[in-house]
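A.B. asks: Dropping the structure in here first, questions after.
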Amino acid sequence: MPNSLQQILARYNAGAPLAEASTIPAPWYVDARIAELEARTVFSKTWQMMGRADQVEKPGQFVTATVAGEPIVAVRGDDGILRGFYNVCRHHAAAVVTEPCGQASILHCPYHGWNYGLDGALKGMPEFDGVKGFERRQNGLVPVQADVWEKFVFVNLDPQAAGLREFLGGLAARAAPLGVSKLHYFDSRTYDIHCNWKVFIDNYLDGGYHVPHLHKGLSSVLDYKQYTIENEDRFCLQSSPMVSSQEDAATGATRKGDRAWYFWQYPNLMINCYEGYMDTNLVLPIDVDHCRVIFDFYFADSSEAARAYNQQSVAVGARVQDDDLDICEAVQRGLKSRAYGAGRLSVRREAGEHLFHRLLAADLKAGSETLAAAAD
């Protein structure tokens with residue numbers, strides 16, 4: 001008989017120290033019940049990046065996204081305040097904002113013409129005379145928490161969640177010296193990958209373990225022996241001194257500086273920084289077997305004169321991603337094999353992965369207990 005959800009969760013020992021720990025078990029990557037629980041207890045209760053700060057700088061500017069399966073819009077009000085809402089009309093549930101981003105003076109539902117202000121208040125409903133017991137003030141767009149940190153817009157669907165700064169914890173302080181605010185958006189790439197979202201995160205957090213074997217060009221500019229892993233609250237910082245290399249000309253030309261910095265913020269955001277360069281990786285679960293990874297690329301110089309160099313740098317990142325895509329899809333296939341149950345972790349390399357698994361286990365087990373209690 002199939003194991004129950006509680007039995008699957010119980011197979012992971014979150015209390016084991018790194019030297020004794022195993023990975024989360026294979027069913028956590030392939031069981032649809034785990035994916036559903038993650039949507040309800042991880043992605044619905046953590047701060048999720050949904051866009052760029054430059055997309056909502058001016059009054060009326062908005063950005064839309066799907067967060068934990070929910071349609072969301074964030075919009076800058078005429079009063080300068082950024083607000084987030086469920087992008088769902090209170091009349092018949094159509095999306096009020098249908099563009100990925102843009103600017104508007106009012107949020108106009110295209111289905112029946114209901115209008116909402118930039119503050120979410122319901123402003124007008126055509127041909128609604130005679131409707132009894134209807135309070136306009138109670139039928140505005142349903143709000144969610146929204147905030148900005150550095151170049152990024154975040155939302156949180158949990159009205160009881162602590163603020164964004166508290167959630168980010170030490171990451172904000174560690175990233176501050178890198179001058180992220182001085183960088184300029186250049187381009188985006190989106191990858192649809194046939195693997196569970198956690199497979200991609202595991203790959204990122206293996207402390208460079210796979211880099212010498214899978215990414216020869218990137219490996220040539222990193223001092224692998226001096227690669228470090230630091231865990232704090234809900235983030236991991238991996239970093240490495242940079243070395244000059246002629247082994248891969250494109251990588252050597254576009255990945256420069258004294259040190260490479262790789263930040264992961266629980267559960268699904270990565271920020272990679274080199275001198276004059278940053279890319280973000282946002283990993284979005286699609287279903288138990290698929291995820292979407294959105295890469296945004298930023299540069300210190302976004303002028304036309306720097307375009308060719310920036311394009312070359314994006315191409316280097318795409319080449320690394322292609323290697324990761326293939327291996328992540330292979331891992332997803334292997335996780336379904338009867339030959340695999342769970343793996344052990346490298347003490348030297350995989351402390352970040354251990355942190356990820358423990359944070360996830362805490363959220364899933366707590367969420368499972370809450371849902372079970374609510375069902376009684």
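A.B. asks: Check the chain and count each lysine pair with an alpha-carbon distance under 22 angstrom, considering only pairs eight or more places apart or from different chains.
C.D. replies: Number of lysine pairs found: 15.
A.B. asks: For the range 249-376, with the dipole built from +1 on Lys and Arg beta-carbon atoms and -1 on Asp and Glu ones, taken about the Cα centre, which of 286, 361, 317 lies farthest toward the positive end?
C.D. replies: Of the candidates, 361 comes out farthest on the positive side.
A.B. asks: With axes computed from alpha carbons, what is the tilt in degrees of helix 351-375 against the longest principal axis of the chain, rounded to the nearest 10 within 0 to 90?
C.D. replies: It works out to around 40 degrees.
A.B. asks: From Cα pairs below 8 angstrom and at least 6 apart in sequence, can you work out the relative contact order of the chain, rounded to a whole percent?
C.D. replies: Working: 692 pairs, mean separation 74.5, N = 376.
RCO, the chain: 20 percent.
A.B. asks: Could you tell me the center-to-center distance, by alpha carbons, between the range 1-32 and the range 79-132 in angstrom?
C.D. replies: Computed from Cα coordinates, the inter-centre distance equals 44 Å.
A.B. asks: State, to one decimal in nm, how far the label point of residue 339 lies from the label point of residue 326, with both points 7 Å from Cα in the Cβ direction.
C.D. replies: Calculated label separation equals 2.0 nm.
A.B. asks: Taking N as the number of residues in the range 115-236, what is its alpha-carbon radius of gyration divided by 2.2 N^0.38 Å? Kindly include the intermediate steps, with their values, before the conclusion.
C.D. replies: On the way: Rg = 22.7 Å, N = 122, 2.2 N^0.38 = 13.7 Å.
Here the Cα radius of gyration is 1.66 times the empirical estimate.
A.B. asks: Given N residues in the range 328-371, what is its alpha carbon radius of gyration divided by 2.2 N^0.38 Å?
C.D. replies: Numbers: Rg = 13.5 Å, N = 44, 2.2 N^0.38 = 9.3 Å.
In units of the globular-protein estimate, the range 328-371 measures up at 1.45.
A.B. asks: Calculate one ³J(HN,Hα) per residue across the range 65-71 by plugging θ = phi - 60° into the Karplus curve 6.51 cos²θ - 1.76 cosθ + 1.60, and present them in order as whole Hz with x for glycine and proline.
C.D. replies: Once θ is set to phi - 60°, the couplings for the range 65-71 become 6, 9, 10, 6, x, 9, x Hz.
A.B. asks: Same structure, new question: What is the helix-to-structure angle for 307-335, meaning the angle in degrees between its Cα long axis and the longest Cα principal axis of the chain, kept from 0 to 90 and rounded to the nearest 10?
C.D. replies: Its long axis makes an angle of about 80 degrees.
A.B. asks: Once phi is turned into ³J(HN,Hα) by the Karplus curve 6.51 cos²θ - 1.76 cosθ + 1.60 with θ = phi - 60°, what whole-Hz value does each residue of the range 157-173 show in order, with x for glycine and proline?
C.D. replies: With coefficients 6.51, -1.76 and 1.60, one gets 7, 8, x, 8, 5, 5, x, 4, 4, 5, 5, 5, x, x, 4, 4, 5 Hz.
A.B. asks: Find out how many positive minus negative residues lie around residue 242, taking Lys and Arg as positive, Asp and Glu as negative, among other residues whose Cβ is under 10 Å from that of residue 242.
C.D. replies: 0
A.B. asks: Would you please put 132-142, 153-163 in order of how densely packed they are, using the mean number of other Cβ atoms within 10 angstrom per residue and starting with the highest? Write out the running numbers ahead of the final one.
C.D. replies: Working: 132-142: 11.4, 153-163: 16.7.
Top of the packing list down: 153-163, 132-142.
A.B. asks: Then there's this: Of the residues 230, 275, 304, which exhibits the maximal mean-square fluctuation in a Gaussian network model of the chain defined by a 10 Å Cα contact cut-off?
C.D. replies: Checking each option, the largest mean-square fluctuation is seen for 304.
A.B. asks: Choose one answer from 270, 49, 125: the residue with the largest mean-square fluctuation in a GNM of the chain with alpha-carbon springs under 10 Å.
C.D. replies: 125
A.B. asks: Calculate one ³J(HN,Hα) per residue across the range 196-208 by plugging θ = phi - 60° into the Karplus curve 6.51 cos²θ - 1.76 cosθ + 1.60, and present them in order as whole Hz with x for glycine and proline.
C.D. replies: Ordered by residue, 3J(HN,Hα) equals 5, 4, 5, 4, 5, 5, 4, 4, 5, 9, 8, x, x Hz.
A.B. asks: Further, regarding this structure: For the range 193-323, count all C-alpha to C-alpha pairs, find those more than 23 Å apart, and express that count as a whole percent of the total.
C.D. replies: Details: 2701 of 8515 pairs.
When every Cα pair of the range 193-323 is considered, 32 percent fall beyond 23 Å.
A.B. asks: While we're looking at this one, here's another question. Return the unpartnered cysteines for the chain, using a Cβ-Cβ cut-off of under 4.7 Å.
C.D. replies: For the chain, the answer is 101, 236, 273, 291, because their Cβ atoms have no other cysteine Cβ under 4.7 Å.
A.B. asks: What does the charge add up to near residue 297, with Lys and Arg as +1, Asp and Glu as -1, over the other residues with Cβ less than 14 Å from its Cβ?
C.D. replies: Details: positive: 52, 151, 189, 255, 307, 319; negative: 54, 187, 279, 296, 301.
That works out to +1.
A.B. asks: Can you compute the helix-only [θ] at 222 nm over the chain? Use -39500 (n - 2.57) per DSSP H run of at least 4 residues, normalise by all residues, nearest 500 deg cm²/dmol.
C.D. replies: On the way: 11 runs with 103 residues, N = 376.
Using -39500 (n - 2.57) per qualifying helix, the result is -8000 deg cm²/dmol.
A.B. asks: Can you send over the solvent-accessible area of residue 359, 1.4 Å probe, protein chains only, in Å² to the nearest 10?
C.D. replies: Accessible area, nearest 10 Å²: 40 Å².
A.B. asks: Answer rounded, prolate or oblate for the range 248-376, using the Cα gyration tensor with square roots of eigenvalues a ≥ b ≥ c: rounded when a/c is under 1.5, else prolate when a/b is larger than b/c, else oblate. Walk me through the numbers before you get to the answer.
C.D. replies: Numbers: a/c = 2.26, a/b = 1.94, b/c = 1.17.
Taking the square roots of the gyration eigenvalues as a ≥ b ≥ c, the range 248-376 is prolate.
A.B. asks: Once you list every other residue whose beta carbon is under 12 Å from the beta carbon of residue 307, what net charge do they have if Lys and Arg are +1 and Asp and Glu are -1? Show your work: numbers first, answer last.
C.D. replies: Values: positive: none; negative: 187, 301, 304.
Result for the local shell: -3.
A.B. asks: Let me ask you something else. Under the classification rounded if a/c is under 1.5, otherwise prolate if a/b is larger than b/c and oblate if not, where does the chain fall, given a ≥ b ≥ c as square roots of the Cα gyration tensor eigenvalues?
C.D. replies: Oblate, since a/c reaches 1.5 and b/c is not below a/b.
The values are calculated or read from the model by the stated rules, or taken from the named source; none is laboratory data. On a predicted model such as this, the values are computed, not experimentally measured, just so you know. Note that we place each Cβ from the backbone using ideal geometry, even for glycine, and neighbour counts take in every protein chain shown. Remember, those area values only see protein heavy atoms, side chains included, never the ligands or the DNA or RNA. Shrake-Rupley method; radii C 1.70, N 1.55, O 1.52, S 1.80 Å.
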